[in-house]
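Below is one structure, written out as structure tokens, with a few remarks after it.
Readers should treat all values here as calculations from the given coordinates under stated rules, not as data from a laboratory. This structure is a prediction, so every number in the text was calculated from the model and none was measured. Note that we place each Cβ from the backbone using ideal geometry, even for glycine, and neighbour counts take in every protein chain shown.
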Amino acid sequence: MSFLGARVRRFLQQPGTADLTRYQRLISAIGAREAELAGRPDDTFKELARDAKDDAEFCAVGREAARRALGERPFDVQLLGTLVMLQGQIAEMATGEGKTLSGALAAARYALTGRSVQVASVNDYLAQRDAEWMRPVYELLGVTVGHIGQASTPAERREAYAAQVTYAPISEIGFDVLRDRLVTDPADQVAVPPDVLLIDEADSVLIDEALVPLVLAGAAPGTDADLEMAEIVRGLRPGLHYETDDEGRNASLTDAGARAAEAALGGIDIYAADQIDVLTRINVALHAHALLHRDVDYIVRDGEVRLINASRGRVAELQRWPDGLQAAVEAKEGIAASESGEILDSITVESLVRRYPRVCGMTGTAVTVGDQLRQFYGLEVAVIPPNRPCVREDQPDRLYATIGQKDKAIVAEVAAAHENGQPVLIGTLDIAESERLARRLTAAGLPHVVLNAKNDAQEAAIVAEAGAYGAITVSTQMAGRGTDIRLGGSGADDSAEHDRVAELGGLYVIGTGRHAASRLDNQLRGRSGRQGDPGGSVFFVSMEDELLTSYTPDAAVPRDVAADGRVRDANADEAVGHAQRVADGANLEIHRNTYRYYELIEQQRGIVLDHRDRLMRDDAALVALGSRCPERFEELEQTVPSDVLAAAARTIVLYHLDRGWADHLAVLADIREGIGLRALGTGALGGGRDPLADFNAEAVKLFTSLLDRVQEESAETFRTVSITAEGVDLDAAGLRRPTATWTYVVHDNPFGTVLDRVFRGLARKKDRR
Ligand code: ADP
Ligand code: MG
């Protein structure tokens, strides 16, 4: 019987999520075909899959194909997930429910209806793992599959994109879009037009990483470290010379601080209109000094500043802060400025996703960001019930007065569970905390593994063992994501080992602090209690935790504190929920404001791209130049074959267009910072001026002159550069395209934009009045 039971039906009617009741009929229809399909020979499945007249019929075929190819018969709830994704929605399915297979069936169906599908995976390792793991299913269904990682060559990428389904990390997809946009011959492009995007761990991509810019840069020497400013801010005293806000997101000079800086700089007025550059430099140095903390926000390793990704709590490879900030942190640490590059183009993850006419996805935790997904992407979330009811026991938070007392209690809790052999997974908020806790565990004689592998494959292998008898694993939040933790360890096909650990209560997850978003807490809890396994979870919290001190600094001091520091006030744990709501609100505001800036740039980018495509594909460049410089055109026509001349014209115009766009981006970035800082210094915003409107007005004005300028400059080059039967040599004229390019991810600016800071600053000032 593959009917959904009463429990499932109840789930389907859960309010506030997409209505799943109508899928019930489909699930029955799928079940009804099972016996008949089981009798069909393997070689008929391609045809059956191709000819499936609707999603339900396809799912029936897909189920039987998966059973044969993987030895796993997809559960009803997995097919429910597939159906939801085929409707262009986000399926919320808990960890261990088998999303990889649900997603693969959805991808196969899209492919068989003639669409080109990309599956955005969390990292290189998972893109490869999932593509290879699902390949037998795809093959049986007659669908081609490929995957891409950082190391893939252009030829490999082209081949992978040509497959009907392509697995790749979202950043690699974005980098290919950026690189493709800079080619001068369409044959050099690797990607295919955006069509269907299926996103694994959709909330990380669509919410946590949405505003991360993916950058393509032309190699160039690094920004000089601003040692002078680093030195000046080092001498400033907190409270006296500068203030930081409660959330640790903003630092600003006080009047005394401004005077001290002005004196150190030889008596200038840093708020004068012509000192905007100095003001920017001071502010950047101050942020590096006061707000970015070594071993929390970054580490220094091998003479380099390496960022720590806050949502993953581990070293973020290939990431850097926006240029000025990166150099300022390097100056603060007294290390050489790293190589930098002129930004040729950049795109945010959110803009990248919006290019796809069809987006769908899957994740364990989406429903709490349902509003944001609807608002920013028009996506609905459907909550899929678990295959077996979750029996994990989630205990209430344990609140302590100090961090020291909390740590002590955690170690005691770990020791108690370990004594029985119950596996414990300790989730920490950052690397520094992982290390602090590891030291305490060592001191207590508790053997443990700390997860801060530099490599996703290694991380996955370690996390997979976290459910083994007696294991103690310390891991930052997202480490080893996408890996299933089986009770008894990864080799536990042997069910005796599984059952032995299950009898001890299963995997015990201990969080060392609540995250700024409850969604991230739930991700951690979800690592335990998969597929109806027993398990438990508990979070330890202290009144000194950053979440509480940052977001609810005015919370009442607890009255009822035990000798060991345990806070017993009846309403004390409300503080955590309150702090999370405040943090949520702040993050939403940042998302909204930041997106409004990128929106305009993205529109302009689209216009430039369309123009560029036309230039690349026909003789538009030659026609334009010929009509501007008729004499030169006549002259060249006599000596240069027409196709060579057309190619030369194209090269010239593309050069100036790409150059112009890179300059435009740089100017926009300056304006954005400049407007904000000027407003911050003079209080101009108080007069009701809207910095976003200022920015838009300037950006539109600059953009209208951009295309004119490109034409003029191209005409000038066309008139003066040497063009022969061999073509044009722009290098000889000093007009060099960047030879090498490289890509990186700009770390989500931890403070929001300068303007976000201004908005927040104003809001606070208003409050105080
Ligand atoms: P998720 O991404 O939802 O956390 P995975 O796709 O990683 O889950 O799958 C978790 C585990 O469940 C894998 O080991 C997979 O082989 C197994 N699995 C998935 N679907 C089934 C099924 N229908 N029957 C049995 N095992 C399954
Ligand atoms: Mg997964």
*Which of the peptides 717-725, 498-506, 419-427 is most tightly packed, and how do the rest follow, going by the mean number of other Cβ atoms within 10 Å of each residue?*
419-427, 498-506, 717-725
*Which residue, chosen from Gln580, Leu665, Ser121, occupies the Cα position most advanced towards the positive end of the dipole of the chain, where the dipole is computed from +1 (Lys, Arg) and -1 (Asp, Glu) charges on Cβ about the Cα centre?*
Gln580
*Mind checking which aspartates and glutamates have their C-alpha under 19 Å from Lys701, skipping anything on the same chain fewer than 8 residues away?*
Glu599, Glu602, Asp658, Asp663, Asp670, Glu673, Asp690, Glu712, Glu713
*Packing-wise, with mean Cβ within 10 Å as the measure, how do 356-366, 397-407, 232-242, 192-202 rank, highest first?*
356-366, 192-202, 397-407, 232-242
*All other residues with a Cβ under 12 Å from the Cβ of Asp610 taken together, and with Lys, Arg as +1 and Asp, Glu as -1, what is their net charge?*
+4
*Would you please classify the overall shape of the range 530-611 from the alpha carbon gyration tensor, given that a ≥ b ≥ c denote the square roots of the eigenvalues, rounded means a/c under 1.5, and beyond that prolate means a/b larger than b/c while oblate covers the rest?*
oblate
*asked:* Just to confirm a number: summing +1 for Lys and Arg and -1 for Asp and Glu over residues other than Val196 whose beta-carbon lies under 11 angstrom from that of Val196, what do you get?
replied: +2
*Do the sum for the chain: with -39,500 (n - 2.57) for every DSSP H run of n ≥ 4, divided by all residues, what is the mean residue ellipticity at 222 nm, to the nearest 500 deg cm²/dmol?*
-15500 deg cm²/dmol
*Starting from the Cα-Cα distance between Asp43 and Ala187, subtract it from 0.36 nm times their residue separation and give me the gain in nm to one decimal.*
48.2 nm
*Could you point to the residue in Leu112, Gly39, Val305 farthest towards the positive end of the chain's charge dipole, with +1 and -1 charges on the Cβ of Lys/Arg and Asp/Glu respectively?*
Gly39
*May I ask what percent, to the nearest 5, of DSSP beta bridges between residues of the chain are antiparallel?*
35 percent
*How do 98-110, 582-594, 159-171, 135-147 rank on mean C-beta neighbours within 10 Å, highest first?*
98-110, 159-171, 135-147, 582-594
*asked:* Treating only the Cβ of Lys, Arg, Asp and Glu as charged (+1, +1, -1, -1), what charge dipole size does the range 500-600 show about its Cα centre? Round to the nearest 20 debye.
replied: 380 debye
*Cut-off 10 Å between beta-carbons: net charge of the residues surrounding Ala409, Lys and Arg +1, Asp and Glu -1*: +1
*Residues whose placed amide H lies under 5 Å from that of Leu344, excluding near-sequence neighbours*: Leu216, Ala217, Gly218
_Taking the range 62-140 and dividing mean pair separation by its residue count, relative contact order in percent (alpha carbons under 8 Å, at least six apart)_ = 32 percent
_Overall dimensions of the chain as given by Cα atoms, namely Rg and Dmax in Å_ = 28.8, 96
*How high is the relative contact order of the chain, in percent, with contacts defined as C-alpha pairs under 8 Å that are six or more residues apart?*
15 percent
*Hey, got the dipole for the chain? About the Cα centre, +1 on K and R Cβ, -1 on D and E Cβ, debye to the nearest 20?*
1980 debye
*Can you tell which of Ile723, Ala432, Gln422 lies farthest toward the positive end of the dipole of the chain, using +1 and -1 charges on the Cβ of basic and acidic side chains (Lys, Arg; Asp, Glu)?*
Gln422
